[in-house]
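Trainee: Sharing a structure here in structure tokens format.
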Amino acid sequence: MKSESSIRASFSKYSWVLKTGIQNTLVYRFNFLVRCLFGLIPLSATLFLWRTIYRGQETEGAEIGGYTLSGMVTYYLLITIVDALTAVTDDDWQIASDIREGRISQFILKPIHFLSYRICLFIASRLVYIAVAGVPLLLLAIILRDYLEKPEDLATFGLFLISLVMSGMIQFLLSYTMALLAFWVLEVSTFIFILFAVEHLAGGHLFPVDILPDWLATALYFTPFPYQLFFPVSVYLGKELSVSPSTGLMIQAGWVLFFWILATYVWNRGLRKYSAVGG
């Protein structure tokens, strides 16, 4: 009975955090809409570029790096959708600010787990962002409907959804751990920008990872970055990679577990430094 009441109390506590996070994030709904609309500009430019490249091919239905024109259009639209669902916006800056300004003291004194608290706020921001950005993304999907490809079957779509959830966890935990460096350094912006640049290049945001030379693509599969954006989209498209979907999902789960353990370790080490500095 005691454990059941404890579970109920925890559920009530974090559901309240989620609701509060949604209410607070709704204040910035116009900012989210503007960010989404401006985000469609580089996407549109990229699609026009690839249409021009494919138009120059001699045969209709030609492939570049194993992608037809419709496959490439679907890839970039899905990248935009997955990024909208899983990307960390201001969470890392807020965490670093909380540490720098001493606001995490309340979490040391109260019975609330800081990582779980931040995950609830991350989910809240993604829910609001999708609610606001969903309309322009849906309109773009309708405009490009002749080029969009569907998953092979429901099982493939189910694997895509599982991969999508783990992609969001990897991105959040990576950013969370990077923000915890504020325990040791005054300004973490350099580290955050470096991480963002590497994720952009190695995660499949600018171009599909599998059009790179085989040795480079294989090397990237040993890092967490392709599993943030590229892998979920590849599962949806049914692409044949050097790892099977089931193996890729296990690797994704392994990265989630690794970064959860790393984040917990860095937090515990940081608290010792924080208490020493705060006296």
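The values are calculated or read from the model by the stated rules, or taken from the named source; none is laboratory data. Everything numeric here is computed off the predicted structure, so don't read it as measured data. FYI the Cβ positions are ideal-geometry reconstructions off the backbone, even for glycines, and counts take in every protein chain you see.
This table checks each residue for (1) at pLDDT below 70; (2) more than 30 Å from Tyr117 (Cα to Cα); (3) of a type in the set (Lys, Arg).
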{"position": "Glu4", "(1), (2), (3)": "yes, no, no"}
{"position": "Lys19", "(1), (2), (3)": "no, no, yes"}
{"position": "Thr25", "(1), (2), (3)": "yes, no, no"}
{"position": "Phe30", "(1), (2), (3)": "yes, no, no"}
{"position": "Phe48", "(1), (2), (3)": "no, yes, no"}
{"position": "Arg55", "(1), (2), (3)": "no, yes, yes"}
{"position": "Gly61", "(1), (2), (3)": "yes, yes, no"}
{"position": "Thr74", "(1), (2), (3)": "no, yes, no"}
{"position": "Ile79", "(1), (2), (3)": "no, no, no"}
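Trainee: Next question. Among the residues of region 210-238, which ones are of a type in the set (A, V, I, L, M) and either over 21 Å from Ile251 (Cβ atoms) or modelled with pLDDT under 90 (or both)?
Mentor: Answer for region 210-238, where residues must be of a type in the set (A, V, I, L, M) and either over 21 Å from Ile251 (Cβ atoms) or modelled with pLDDT under 90 (or both): Ile211, Leu212, Leu216, Ala217, Ala219, Leu220, Leu237.
Trainee: Another question about this same structure. Would you confirm, using the coordinates I've provided, whether Thr86 is among the polar types (S, T, N, Q), surrounded by 14 or more Cβ atoms within 10 Å (Cβ to Cβ) and closer than 16 Å to Ser175 by Cβ?
Mentor: Taking the combined requirement at face value, the residue satisfies it.
Trainee: Right, Leu148: of a type outside the set (Asp, Glu), modelled with pLDDT under 85, surrounded by fewer than 16 Cβ atoms within 10 Å (Cβ to Cβ) and closer than 20 Å to Val73 by Cα or not?
Mentor: It is true that Leu148 is of a type outside the set (Asp, Glu), modelled with pLDDT under 85, surrounded by fewer than 16 Cβ atoms within 10 Å (Cβ to Cβ) and closer than 20 Å to Val73 by Cα.
Trainee: In this structure, does Val185 turn out to be closer than 18 Å to Pro245 by Cβ and either free of Cβ contacts under 8 Å to residues at least 40 places away in the same chain or surrounded by fewer than 20 Cβ atoms within 10 Å (Cβ to Cβ) (or both)?
Mentor: In short, no.
Trainee: OK, next. Among the residues of region 202-245, which ones are among the β-branched types (Val, Ile, Thr) and part of a helix (DSSP H, G or I)?
Mentor: Passing the criteria: Val209, Ile211, Thr218, Val233, Val235.
Trainee: Here is a further query. Looking at (1) of a type in the set (S, T, N, Q); (2) touching a residue at least 40 places away in the same chain (Cβ under 8 Å); (3) more than 29 Å from Tyr236 (Cβ to Cβ), find the lone condition where Gln106 falls short.
Mentor: Tallying (1) of a type in the set (S, T, N, Q); (2) touching a residue at least 40 places away in the same chain (Cβ under 8 Å); (3) more than 29 Å from Tyr236 (Cβ to Cβ), Gln106 fails exactly one: (2).
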